[in-house]
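Taking it in order: structure first as structure tokens, then the write-up.
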Amino acid sequence: MPVTNPAPLGLFGFATTTWLLSMINAGLFPGTSVPMVLAMAIAFGGTAQFAAGLMEVRNGNTFGFVAFCSYGAFWWSFALFVELFAKGVPGDFVGWYLFVWGVFTFAMWIASFALNRAVFLIFLALWITFVLLAFGIWLGAPALTHAGGYTGLLTALFAAYLAAADVINATHGRTILPVGAKAA
């Protein structure tokens, strides 16, 4: 019996939620748009992505398990923070939150060297996104936050492409959208 690939579910959950938040970070939409991001973060970015991570266990995919469960938890924590705990938290500590996720993402990027080029690009762009957003907060530099937003949009595009490639290629039984050879 074939086992379903949960990666496209997790990737689409990540891509769509990252896209929405990154539009705000890039300055394309006002902060009043955050409630829509939070709804997406809980339902698709968090829950669907976490479920995809749990399904990666049966495939023996440690990378997929750790990535999808971790970033699913990131979206839950982001939504919880904004809705319940943000009041009174110093801005520079929010920078540390983003930086810590950047450090985690850097480790995942190193691990992605053994995977295809598309995964490698997702984690490279995401690592840069977190670092730009953290420094944007620490330095009070909206230009860095906007750059982080645009890098987040690029990250979301890479993730959406890989998700689409996984679904389209599997459905057609052949490579229609290439994902590139291993990065390393």
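Each value in this text was obtained by applying a stated rule to the coordinates, not by laboratory testing. Computed from a predicted model, the values in this text were never measured in an experiment. Because the Cβ atoms are built from the backbone with ideal geometry, glycine has one as well, and the counts that use them run over all protein chains shown.
At-a-glance table
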item: Filtered residue count, the range 59-73, keeping only those that are under 14 Å from residue 159 (Cα atoms) and over 11 Å from the mean Cα position of the chain (by Cα); result: 1
item: Some residue of the range 12-31 being without any contact (Cβ under 8 Å) to a residue 24 or more places away in the chain and among the small types (Gly, Ala, Ser); result: yes
item: Residues located in the range 162-184, provided they are buried (at least 18 other Cβ atoms within 10 Å of the Cβ) and of a type outside the set (D, E, K, R); result: 162, 163, 165
item: Wholly enclosed helices (runs of 4 or more DSSP H) of the range 1-70 bearing at least 1 residues closer than 22 Å to residue 83 by Cα and hydroxyl-bearing (Ser, Thr, Tyr); result: 7-25
item: Checking residue 47 against (1) farther than 21 Å from residue 131 by Cβ; (2) surrounded by 18 or more Cβ atoms within 10 Å (Cβ to Cβ); (3) out of contact with any strand residue (DSSP E or B) (no Cβ under 8 Å at 6 or more places or on another chain), the condition it does not meet; result: (2)
item: Residue 95 being closer than 18 Å to residue 9 by Cβ and in a helix (DSSP H, G or I); result: no
